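Notes to accompany the following structure.
The values are calculated or read from the model by the stated rules, or taken from the named source; none is laboratory data. Small disclaimer: the values here were computed from a predicted structure and weren't measured. Glycine also receives a Cβ, built like all others from the backbone with ideal geometry; neighbour counts cover every protein chain displayed. Side chains are part of the model used for accessible areas, which takes the heavy atoms of the whole protein and leaves out ligands, DNA and RNA. Shrake-Rupley method; radii C 1.70, N 1.55, O 1.52, S 1.80 Å.
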Amino acid sequence: MKMPLHLPKSFLLFVCFIFGNSYFLLSQEKKTFWQKYNPEALANRRLSFVPVPVIQSSPETGLRGGITLDYFFNTDEGKESPDSLKTRDSFAWIQALYSTRRQLVIEPFWQIFTKDEQWFLRGRGGYLDFYERFWGIGNETLPRKEYADIFYARYYFQGRVLKKVHNRFFAGLNYNYSHIKDIELVGASPTLFGEAVGTVGSIVSGIGTTLSFDYRDNPFSPVKGWFLDISTTYYSRKLGSSFRYKEFQLDFRKYFRIGKKDFLGFQTLVHKTDGDVPLLELPRLGSPNIMRGYFTGRYRDEQYFASQIEYRKPFGKLLVGAVFASAGAVGTELHKIKASDLRYTYGTGLRVLVNKAKTLYARLDFAVSTEGDSGFYLRFADAF
């Protein structure tokens, strides 16, 4: 059985120690230890290029840690503009993470607004030496504690180039590439996969269009405004794809203030595919951001939708409490999904302010499903 690359724990601890110390030693001001390192002082530090030790947790990965290099900048730095016309901050990071389940992830991510936000560039890519669980396709799957193991390696790239149409409305092109290889199926009978394609590997390459409306007050932890992102991607053999299909995705979010400090957020996500979709590219229910509580891929099929609601309440300057609930389903066609196909999750969490200027929080969530699944999630930035 194939096992991903195993890095010694002592090596990971050493790397975290070195980068962790370099992170805290960036400030050269002569202050007392408490003045420099109390929670409020750390939250008010200026972010630019910072190496940060990272610890994350989710049901899919267990505990994982590593290093991320974060870079924050603004292409209109120093320019005086009305708030409604200011160029938003850009950022990029690259992370290398390794989990207790022997999963290796190396990924860069970028989100860049050019001067006056004439262009919006966003993308990510990387390499995964990964493992996930598989219960079957559709709503009739194996029991929760019975599943197959899938080991694989993945190289991928997702990029967007969008042009401003008006204010914060952008339109442009997107390109997706994913190469999955070295697949090993453990504990699976051939009948479990049905007529699924791509069980021995896949290459998908597709291009499409994207419309994006972003009227949130903050990309990391919004408390007002709305967001809508719609994309359609066509995967073709002419682009080097070994499978031919089309993909539609919609992400809508709306935020409301309640009183002076509390707020309520809503999100609806739709993911539709049509054609010969490889097994590991099928839409999947469950993630650290929506349908928290379900293991990612607990249910998967050609089409998927989910909605969630989250209420957040600040406690002092540094802490925010949250409660949330979500509902979602998978199916071959959205209009054929029945009420009995819906899955539900709910949970609670705590957010800790790590940077005041960017309104950036670290979050710890605990979520459960009505089917008995549960999970802890430790992440940077809010879920949506």
Can you tally the net charge around Ser212? Count Lys and Arg as +1, Asp and Glu as -1, for every other residue whose Cβ sits under 14 Å from the Cβ of Ser212. +4
What would the Debye formula give as log10 I(q)/I(0) at q = 0.11, 0.16 Å⁻¹ for the alpha-carbon point model of the stretch 183-288, no solvent? -0.53, -0.84
Probe of 1.4 angstrom, ligands and nucleic acids ignored: what's the accessible area per residue over the stretch 145-298, in square angstrom? 47 Å²
Derived scalar couplings ³J(HN,Hα) [the stretch 237-247; Karplus, 6.51 cos²θ - 1.76 cosθ + 1.60; whole Hz; x for Gly, Pro]: 5, 5, 9, x, 7, 8, 9, 10, 6, 10, 9
Where the only charges are on Cβ atoms (+1 Lys, Arg; -1 Asp, Glu), what is the dipole of the stretch 87-178 about its Cα centre, to the nearest 20 debye? 260 debye
At 7 Å along Cα-to-Cβ for each site, give me the label-to-label distance between Lys356 and Lys246 in nm. 5.1 nm
Going by accessible area, probe 1.4 Å, with all protein chains left in place, what is the ranking of Leu239, Leu173, Leu342, largest first? Leu173, Leu239, Leu342
Just flag the GluC sites (Glu not before Pro) in the stretch 91-157 sitting in loop per DSSP whose Cβ has no more than 14 other Cβ atoms within 10 Å. Glu140, Glu146
Give a quick list of trypsin sites (Lys or Arg not before Pro) in the stretch 333-367 that DSSP marks as loop, anything other than H, G, I, E or B, with at most 16 other Cβ atoms within 10 Å. Lys338, Lys356
Kirkwood Rh and Cα-based Rg: tell me the resulting Rg over Rh for the stretch 121-210, rounded to two decimals. 1.13
With DNA, RNA and ligands ignored, accessible area of Phe169 (1.4 Å probe; Å², nearest 10): 50 Å²
Report the full-extension gain for the segment Asn218 to Leu239: residue separation times 0.36 nm, less the Cα-Cα distance, to one decimal in nm. 3.9 nm
Where in the stretch 230-269 does the label zone of Leu211 land, with the point 7 angstrom along Cα→C-beta and an amide N cut-off under 19 Å? 230-234, 247-254, 268-269
What FRET efficiency do you get for Lys260 and Phe169 if R0 is 35 Å and r is their Cβ-Cβ distance, rounded to the nearest 0.05? 0.70
Pairs from Lys164/Lys272; Lys261/Lys358; Lys313/Lys358; Lys86/Lys356; Lys224/Lys338; Lys260/Lys356 whose Cα-Cα separation, in the structure shown, is over 22 Å: Lys164/Lys272; Lys224/Lys338
